[in-house]
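A short worksheet on the structure shown next.
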Amino acid sequence: MSFRALKKIVTNRKRPHRPELAERGWPAWIPGRRGPGRRRPPHQVLMPASPLVAIVLAVCLAGCGDRSPAAKQPAARADRSSQAAPGRTLPEKHSRPAPMSVTSQASDTAEDEPVAAVAAASAPSEPRQPAESAGSSASPADSARVWRDPAGNVLAVGELVDLLDEKVCIQQPDGLGAVVPLDRLCQADRQYVLAQSGDRPTGPDETTETQTAGTEGTPTAGHPPQAAETPRPAGSAGRRKVVIPFDFQSKFDDGRYGRQVGEMIWKKLEREGGFLIPESMFDVRDLLAARRIQIGPDTPLEEVKRVVRDLFDAQIGIWGSVERVPGHEWDVYDLVIRCVDFSSEPEPKVIYEKTGIRTRSVSEIPHLYVKEMLDALYGRRPGEPPPIDQLAEANWKNNPNLIVGGDFEKGAGGVPLGWESRGGQQRQPLGGLVQWTTEGGDPKNKVIRFQFSKAVGDTTGVMYYSDWFPVQQGARYRFQCRWRTDGPSPKVFIKCYAEMPSDYQPGAGYRPSPGEYLPESLQRREVYRSQQNLKGPKNTWNVHTEDFTPRHTKYEPKWGRVMLYAYLGGGVVEWDDVVVKQIVPASPGEGRQRPRHSMASDVTIDQMRANEERGRRARERLREGRD
């Protein structure tokens, strides 16, 4: 890949989705990126620094005949929460990751946070050959790959973009797209595509070793530990399939509750990973609304297949209905839920289907029927946990801790590094309700200790804040801490903030006098909060681990803080080893979401402003008509 082509990809990473790409040879709809090892057309690419280097190496070192193929380690997203899971605890000081320095912490931005990638390119076995001779029908640039069939005929020239439904999408030097069936390529090109897309061909006598929880790959000289491949869902036939969750039909409230059910299923699929899904439910709704298509429980299976396969270029669809039953004091619903794999031949495979179900409570829908459907989709026994995401675990191991001084070992003036100098509801100096002190029984280890009476615990409780750290909307983070209590209940609140203009703006040309207070023009306001409830036995150190994703429909969270909190009764609560790391970067689609006042509304803020402007103009015309 040349520097010019690389620059084109990076500079175009925030372009919105362009349907006219279909006219240039691309598939009409390209599913959203839900995991690494899967690249996009240039207008959709957003690459972190480390994977970018690996991809450049892989493209430059790989080839067909005159280039040696490069291996790319497959990986998958981590989309789940856990508490005290194996392999995630940091009970000992020597196992704690080194904290990021204050200088590097302040220099990071929400878009430039480092993300560790588990990828290694093999060294070339032969020197790189020059471009094809002038006698060839194609004259590729140095950045282009020549794609051939088994007979040696040139099928296309360009860079690999993606592998979609056994079709290889190629970006040609002139900017146009080419699509070549995978089975038409020569063996070397097929192996290159499978390596780049994160899929490994497995023969009948080959086995794939899966890394178990709490184990790590063995590092080799010059290479990071290699993570084992994440297990595929049972119905995926060795390659991740695209799943389209539709909004459920709910006529009793004009579709509001049905949209909530569809959004819930999308979030569960995003959290568990293993499949490709749209960037958001708004993408599904917008495309269906543009084609005036409605999917409901009575929609014929052939029509649903046409929408899933032709319109979305996907394989699996999830749809149904939820209608409230009148005449009941409590929430009683009639539920229909279907999950069908339309890529199965000769007939579609019904993965899960429930019809004529009448729920006794609203909680049965997510905790019983949606859970059963997901178990069937992933091909697992009921209650079996989802497979471990190796990329997220690698990032959790290698990425820096965003909490400066999370181990409480360093500080000055009685204040730990990276934490506030005051604590409690009354913002008292440290040494009273909040103490930075040594651990009882281990004078070499320092901790934060809350010590308060029952009167305080039963009213305001005690809180203590970390300093600011950068966050990125839509990225997945993991929080971990050690704690112990002799009675009071501990909690952790991770608050994320957006920068908003202050209501107090100085007038033009105003100059404050010396010492005069002048409010800041920008203020950080809380727009997201993750409440993490800590559970464990008393008088012993417990480890809490939980994932969270900062997101807001109207504002963009850019900064975060950890608030340690304890209440209910009096006693002592101690904290240690506070860690926050980014484990999955934000999807490129996060930047394309248009602000809304609420997830329950499809009306964007721009549409509301346009409606208000039309109303204002209409009122002006009415007044002019009266005059």
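General observations
- Extreme residue, positive dipole direction of region 248-399, given options Phe248, Val350, Ser363 (C-beta unit charges): Ser363
- Charge tally in the Cβ shell below 14 Å around Gly615, where Lys, Arg are +1 and Asp, Glu are -1, Gly615 excluded: +4
- Only protein heavy atoms count here; under a 1.4 Å probe, Leu522 has an accessible surface of about 90 Å².
- Close amide H contacts of Gly274 (hydrogens built in the peptide plane, cut-off under 5 Å, sequence separation of 5 or more or a different chain): Arg77.
- Shape category assigned to region 270-374 from the gyration tensor of Cα positions, a/c cut at 1.5: prolate
- Vicinal HN-Hα couplings computed from phi for region 292-308 (Karplus, 6.51 cos²θ - 1.76 cosθ + 1.60; Hz; Gly/Pro x): 6, 10, 10, 9, x, x, 9, 5, x, 4, 5, 5, 5, 4, 4, 5, 5
- Judged by the ratio a/c of the largest to the smallest principal axis of the C-alpha gyration tensor, region 387-534 counts as oblate, that ratio being 1.5 or greater while a/b is no larger than b/c.
- Estimated from the Cβ-Cβ distance and a Förster radius of 22 angstrom, the FRET efficiency linking Ser502 and Asp467 is about 0.55.
- Above-threshold pairs, the threshold being 25 Å between Cα atoms, out of Lys167/Lys268; Lys267/Lys558; Lys354/Lys554: Lys167/Lys268; Lys354/Lys554
- Region 323-368: chymotrypsin sites (Phe, Trp or Tyr not before Pro) in DSSP coil with no more than 16 other Cβ atoms inside 10 Å: Trp330
- Neighbour cut-off at most 12 other Cβ (10 Å), DSSP loop, GluC sites (Glu not before Pro), region 329-434: Glu329
- Trypsin sites (Lys or Arg not before Pro) within region 372-475: DSSP coil, no more than 16 neighbouring Cβ in 10 Å: Arg380, Lys410, Arg427
The values are calculated or read from the model by the stated rules, or taken from the named source; none is laboratory data. Since this is a predicted model, take the numbers as computed values, not measurements. FYI the Cβ positions are ideal-geometry reconstructions off the backbone, even for glycines, and counts take in every protein chain you see. In case anyone asks, the SASA skips ligands and DNA or RNA and just uses the protein heavy atoms, side chains included. Shrake-Rupley method; radii C 1.70, N 1.55, O 1.52, S 1.80 Å.
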